[in-house]
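Scroll down for the structure; my scribbles are underneath it.
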Amino acid sequence: MKKEKFEASAVRWKKDTKLKKFIELILIHTNTANIDVPESFSGYLANNIVGDKKSMSAKITKQYPKNGTQLNKIFKPFYKTLAKIKK
């Protein structure tokens, strides 16, 4: 018996939408229970993303001094990917 294949329709998102969806996925699938993630964070990250980890760390800790280091730890592995999506 042949199994039915699952086919998902192709999605045509703009770069900004792809970036925001990827940021949402990261926040959903990481343990952010102990971290207060500001609502404006995903928009800030989408507008100011750079591939360099040190400059992103400085930007995030400057903008969010209270929990910027924790947010940086979460997003540090994804900076290059996020920068490529934005290009």
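Let me make sure I get this right: for the chain, a, b and c are the square roots of the gyration tensor eigenvalues over alpha carbons, sorted descending. Under 1.5 in a/c it's rounded, otherwise prolate if a/b > b/c, else oblate. Which is it? Since a/c reaches 1.5 and a/b is larger than b/c, the shape of the chain is classed as prolate.
Using C-alpha pairs under 8 Å with a sequence gap of at least 6, the mean separation divided by the residue count of the chain gives a relative contact order of 35 percent.
Annotation: per residue accessible area for the chain equals 80 Å², rounded to a whole number [probe 1.4 Å, protein chains only].
Model label sites at Ile28 and Gln63, defined 7 Å from Cα along the beta-carbon direction, differ in position by 2.2 nm. Dimensions of the stretch 7-50 based on its C-alpha atoms, expressed as ranges along the principal axes with the largest first, amount to 37, 25, 17 Å. When the solvent-accessible area of the chain is split by element, carbon and sulfur atoms take up 52 percent of it, the probe being 1.4 Å.
The values are calculated or read from the model by the stated rules, or taken from the named source; none is laboratory data. Computed from a predicted model, the values in this text were never measured in an experiment. Positions of Cβ are backbone-derived with ideal geometry, glycine not excepted, and every protein chain shown enters the neighbour counts. Accessible surface areas use protein heavy atoms only, side chains included; no ligands, DNA or RNA. Shrake-Rupley method; radii C 1.70, N 1.55, O 1.52, S 1.80 Å.
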